[in-house]
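Here is the structure we will look at, set down as structure tokens.
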Amino acid sequence: MDIATFVQIFESTLRLATPLLFACLAGLFSERAGIFDIGLEGKLLVAAFFSASIAYVTGSAWLGLAAGIGASVVFSLIHGVASITFRGNQLISGVAINFLAAGMTVVVAQSWFQQGGRTPPLVGDARFDRLSLPFANALHDVPVVGQIYGQILNQHSILVYFGLLCVPLTWWVLYRTRFGLRLRAVGENPAAVDTAGISVVRLRYAAIVIAGVLCGIGGAYLSTALAAGFVKDMSAGRGYIALAALIFAKWRPWHALGAVLLFGMLEAIANRWPNLDLGIITLPNQFMTALPYILTVVILAGFVGKAIPPRAGGEPYVKER
Amino acid sequence: MKTMPKWADVLLVPLISLVIAFALSALVILAIGEDPVRAMELMVTGSLGSTYGWGYTLYYTTNFLLTGLAVSIAFQAKLFNIGGEGQAMIGGLGVALVCLFIPWPNWWLAMIAAILASALFGAMWAAIPAWLQAKAGSHIVITTIMFNFIAASLMNYLLSHVLRPTTSMDPATARFDNVLRLPRLHDILGLVGIDFSRSGPANIMLFVALAFCVLAYVLLWRTRLGFEIRAFGQSEAAAHYAGISSFKIIMVAMLISGALAGTMAVNSVMGGPQRLVMNAVEGAGFIGIAVALMGRSHPIGIIAPALLFGFLFQGGSELAIETSIPRDMIVIIQALVIMFTGALDNMVRRPLELLFLALRRRA
């Protein structure tokens with residue numbers, strides 16, 4: 001294996017980790033506020049579909065992005081109505097949202113485009129272009145810096161850089177703002193927040209709307225940047241991998257970045273070498289596909305530290321009277 | 001405080017939820033430019049209008065009875081087993097191994113062995129998430145989701161590398177011996193002189209599944225273990241105080257649940273294509289969630305919803321042939337049923353409760 005292969009792997013790691021990152025941060029906001037979000041997968045999917053179809057119709061990737069965010073936020077609000085307003089079971093609501101997205105995207109796609117549940121391929125401005133970072137060419141031949149800056153970090157869509165920016169942003173919002181403090185508190189002890197005169201319902205709605213926006217960007221990235229158009233079930237379990245990454249990261253933003261990069265790299269390796277020959281044994285690519293889930297189970301088993309979710313997660317809040 | 005009579009709780013609330021779900025589905029069909037009335041007619045004739053249709057409807061019903069039962073038993077212990085899909089996949093592995101590698105003299109010995117093997121495999125697949133919940137307190141929903149994906153990868157590997165006959169390109173096992181063909185409704189009903197279509201795959205497993213429903217009812221409401229499971233589901237603290245071991249209940253409930261999900265494969269592998277194919281479960285593990293929610297997790301109560309989903313599944317296939325409405329339409333209906341009978345239960349229940357309160361005050 002030479003340096004060029006490594007560079008390629010890291011480059012595609014970053015590309016494949018981006019949708020996971022958006023979904024993972026979405027889950028982070030939601031779960032830190034005490035709302036379990038199994039529906040990340042469905043929101044990614046519905047956003048991928050609506051951004052691809054609007055981008056196709058209008059020819060603008062940006063309008064597509066807005067449509068994707070809108071669709072994802074609508075799904076978030078459905079989850080909110082079910083789990084916050086009507087105090088329903090958050091897990092069941094999430095499951096329903098995933099199926100709703102899986103069914104609806106195909107039915108609507110078939111009705112709009114008659115191509116068996118896909119959108120026509122996107123070309124030109126309907127996709128997010130790859131950006132060239134400043135000085136990337138000049139630095140290309142400098143060792144190490146050239147490879148990292150000029151090749152691994154260069155030539156991605158703008159959404160990849162925005163995703164990376166979201167990590168410190170999330171950290172700052174959660175740990176350095178009043179809103180973030182309240183958000184974290186409402187996930188641990190909503191009664192205390194309520195006693196302080198702050199609306200639990202409003203905070204939780206705010207959290208899931210943020211989650212909707214982030215999932216929307218992640219979904220738009222899937223269909224208008226990573227791929228060129230929507231195909232049936234294109235989220236392919238990424239919402240669940242993001243959920244796994246969230247547990248892996250123990251609900252912390254910087255660790256979430258680490259976790260999604262790890263899982264992104266597993267996907268990149270599985271794509272590059274369908275059968276990974278390690279000398280002693282050959283790992284089939286099905287093993288690499290399953291590895292994120294296996295690692296998460298290992299984490300959950302408590303072999304590597306303990307993953308403790310926000311304490312009030314999954315519990316609808318009922319005001320005392 | 002009981003505000004509603006029991007019949008309203010078990011019948012009226014799910015029915016209203018169902019009506020809302022169907023009305024919304026009709027709107028979706030209207031929105032994509034099709035006629036919902038005609039769609040309904042097509043579904044009814046396609047699934048219930050002939051013994052051919054019934055043969056498929058009841059075949060799917062059998063799947064949903066078993067997965068619905070699996071989810072219900074776990075629900076009774078307040079455990080949400082999303083892993084029915086994976087447990088049924090691994091159950092299918094058990095069926096295939098038993099059918100491929102043991103030369104059975106007749107179908108019924110093979111069926112009993114296949115039921116036992118699939119139950120064992122399914123239970124095994126549920127055991128690790130159950131153990132993690134009972135010992136490490138990690139959430140069963142997350143772990144069973146993870147195990148669904150691990151099962152899918154494992155089956156993908158086994159079918160494309162290990163169990164596939166060398167002469168075939170198709171990622172599936174060889175066809176089972178014809179001796180192992182399960183008697184279908186055509187054969188069974190023929191004995192009493194009823195003429196039933198030969199091609200529908202509904203088979204003897206339908207009666208086995210119904211028997212399991214009765215057995216599960218007896219287990220839950222007529223035995224000590226069943227009482228312990230329900231007590232644990234109602235209040236973990238009270239159950240603990242009564243000396244019921246939470247470890248035992250979590251393990252037992254999940255093992256039974258996994259075993260039932262596993263046995264679904266006897267129907268869908270041995271009774272259907274008679275070989276193990278990729279994606280043999282076809283989402284039945286998830287439909288079990290909708291069935292259990294509608295049936296209020298009652299082993300007898302799930303029979304009607306299982307039949308309903310059998311009808312939707314077969315009707316949906318017919319719909320996809322006759323109109324431009326894709327088969328995925330039933331996934332939307334399934335999602336709406338889960339949403340309204342599960343998560344938005346309070347939305348339907350509250351107005352009804354107020355109504356009954358008002359009626360009572362007047363009386």
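The values are calculated or read from the model by the stated rules, or taken from the named source; none is laboratory data. Here the structure is a predicted model, which is why all the values come from computation and not from measurement. Every residue, glycine among them, receives a Cβ derived from its backbone with ideal geometry; neighbour counts consider all protein chains shown.
Brief remarks follow.
- In summary, A:Leu131 fulfils each of the numbered conditions (1) touching a Pro at 6+ places or on another chain (Cβ under 7 Å); (2) free of Cβ contacts under 8 Å to residues at least 40 places away in the same chain; (3) more than 9 Å from chain B (Cβ to nearest Cβ); (4) not hydroxyl-bearing (Ser, Thr, Tyr) with the single exception of condition (1).
- Just one of the listed residues (A:Glu11, A:Glu41) is acidic (Asp, Glu), surrounded by fewer than 24 Cβ atoms within 10 Å (Cβ to Cβ) and in a helix (DSSP H, G or I), namely A:Glu11.
To keep it simple, each residue is scored yes or no on (1) buried (at least 22 other Cβ atoms within 10 Å of the Cβ); (2) modelled with pLDDT under 90; (3) in contact with a Leu (Cβ under 7 Å, 6 or more places away or on another chain).
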site: A:Ser199; (1), (2), (3): no, no, no
site: A:Leu222; (1), (2), (3): yes, no, yes
site: A:Pro253; (1), (2), (3): yes, no, yes
site: A:Ile269; (1), (2), (3): no, yes, yes
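- Residues being under 30 Å from B:Ser257 (Cβ atoms) and in a loop (DSSP other than H, G, I, E, B) - total across segment B:163-213: 11
- Residues of segment B:304-341 that are in contact with an Asp or Glu (Cβ under 7 Å, 6 or more places away or on another chain) and surrounded by 22 or more Cβ atoms within 10 Å (Cβ to Cβ): B:Ile325 alone.
- A count restricted to segment B:270-281 and to residues that are more than 13 Å from chain A (Cβ to nearest Cβ) and within 22 Å of B:Asn81 (Cβ to Cβ) stands at 2.
- The condition (being of a type in the set (S, T, N, Q) and within 30 Å of A:Gly80 (Cβ to Cβ)) is satisfied by just one residue among B:Ser268, B:Ser297, B:Ser317, B:Ser324: B:Ser297.
- Pairs with Cβ under 6 Å, 6+ apart, first in segment A:220-232 and under 16 Å from A:Thr58 (Cβ atoms), second in a loop (DSSP other than H, G, I, E, B) and among the aliphatic types (A, V, I, L, M): A:Ala228/A:Leu122; A:Gly229/A:Leu122
- Of all residues in segment B:232-281, exactly one satisfies the criterion of being within 17 Å of the chain's Cα centre (by Cα) and without any contact (Cβ under 8 Å) to a residue 40 or more places away in the chain, namely B:Asn279.
- Filter pass, A:Val107 being in contact with an Asp or Glu (Cβ under 6 Å, 6 or more places away or on another chain), farther than 16 Å from A:Gly216 by Cα and either part of a helix (DSSP H, G or I) or within 14 Å of another protein chain (Cβ to nearest Cβ) (or both): yes
- Just so you know, in segment A:129-156 the residues that are surrounded by 17 or more Cβ atoms within 10 Å (Cβ to Cβ) and in contact with a helix residue (DSSP H, G or I) (Cβ under 9 Å, 6 or more places away or on another chain) include one that is farthest from A:Gln8 (Cα to Cα), and it is A:Leu139.
- Residues that are among the small types (Gly, Ala, Ser) and in contact with a Pro (Cβ under 9 Å, 6 or more places away or on another chain) were ranked within segment A:240-251; the one that is surrounded by the fewest Cβ atoms within 10 Å (Cβ to Cβ) is A:Ala244.
- Selection within segment B:9-29 - surrounded by fewer than 20 Cβ atoms within 10 Å (Cβ to Cβ) and not β-branched (Val, Ile, Thr): B:Asp9, B:Leu11, B:Leu12, B:Leu15, B:Leu18, B:Phe22, B:Ala23, B:Leu24, B:Ala26, B:Leu27
- Residue within segment B:185-196 that is of a type in the set (D, E, K, R) and either over 22 Å from B:Leu65 (Cα atoms) or touching a residue at least 12 places away in the same chain (Cβ under 8 Å) (or both) present: yes
Yes or no, residue by residue, for (1) touching a residue at least 12 places away in the same chain (Cβ under 8 Å); (2) surrounded by fewer than 24 Cβ atoms within 10 Å (Cβ to Cβ):
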position: B:Phe80; (1), (2): yes, yes
position: B:Gly86; (1), (2): yes, no
position: B:Met89; (1), (2): yes, no
position: B:Ala96; (1), (2): yes, no
position: B:Ser118; (1), (2): yes, no
position: B:Gln133; (1), (2): yes, yes
position: B:His139; (1), (2): no, yes
position: B:Ile142; (1), (2): no, no
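- Checked against (1) touching a strand residue (DSSP E or B) at 6+ places or on another chain (Cβ under 9 Å); (2) closer than 16 Å to A:Gly64 by Cβ; (3) not small (Gly, Ala, Ser), A:Asn154 meets all criteria but (2).
- B:Ile250 vs. criteria among the hydrophobic types (A, V, I, L, M, F, W, C), within 14 Å of chain A (Cβ to nearest Cβ) and crowded, with 24+ Cβ neighbours inside 10 Å: no
- When residues of segment A:110-128 are limited to those that are away from chain B (no Cβ under 14 Å) and of a type outside the set (Val, Ile, Thr), the one surrounded by the fewest Cβ atoms within 10 Å (Cβ to Cβ): A:Gly124
- Of all residues making up segment B:193-213, the number that are under 21 Å from B:Ala114 (Cα atoms), surrounded by fewer than 17 Cβ atoms within 10 Å (Cβ to Cβ) and among the small types (Gly, Ala, Ser): 1
- Residues within segment A:277-294 that are within 13 Å of another protein chain (Cβ to nearest Cβ) and either modelled with pLDDT of 90 or more or in a strand (DSSP E or B) (or both), tallied: 3
- Segment B:161-184, residues that are in contact (Cβ under 8 Å) with a residue 60 or more places away in the chain and within 14 Å of chain A (Cβ to nearest Cβ): B:Leu163, B:Pro171
- Every residue from segment B:131-154 that is closer than 17 Å to A:Leu91 by Cβ, more than 8 Å from chain A (Cβ to nearest Cβ) and out of contact with any Asp or Glu (no Cβ under 6 Å at 6 or more places or on another chain): B:Gln133, B:Gly137, B:Ile140, B:Thr144
- Hey, B:Ala335 free of Cβ contacts under 8 Å to residues at least 40 places away in the same chain, in contact with a helix residue (DSSP H, G or I) (Cβ under 7 Å, 6 or more places away or on another chain), within 25 Å of B:Phe147 (Cβ to Cβ) and within 13 Å of chain A (Cβ to nearest Cβ) or not: yes
- Any hit, segment A:168-188, residues being within 29 Å of A:Leu63 (Cβ to Cβ), touching a residue at least 24 places away in the same chain (Cβ under 8 Å), touching a Phe, Trp or Tyr at 6+ places or on another chain (Cβ under 8 Å) and aromatic (Phe, Trp, Tyr): no
- Test result for B:Ile249, touching a Phe, Trp or Tyr at 6+ places or on another chain (Cβ under 6 Å), among the β-branched types (Val, Ile, Thr) and at pLDDT 90 or above: yes
- Test for A:Phe36: is it surrounded by 24 or more Cβ atoms within 10 Å (Cβ to Cβ), within 11 Å of chain B (Cβ to nearest Cβ) and closer than 18 Å to A:Leu20 by Cα: yes
- Pairing each residue of segment A:80-91 that is more than 8 Å from chain B (Cβ to nearest Cβ) with any residue that is modelled with pLDDT of 90 or more, provided the two are 6+ apart or on different chains, yields C-beta distances under 6 Å for A:Gly80/A:Tyr205; A:Gly80/A:Ile208; A:Ile84/A:Val201; A:Ile84/A:Arg204.
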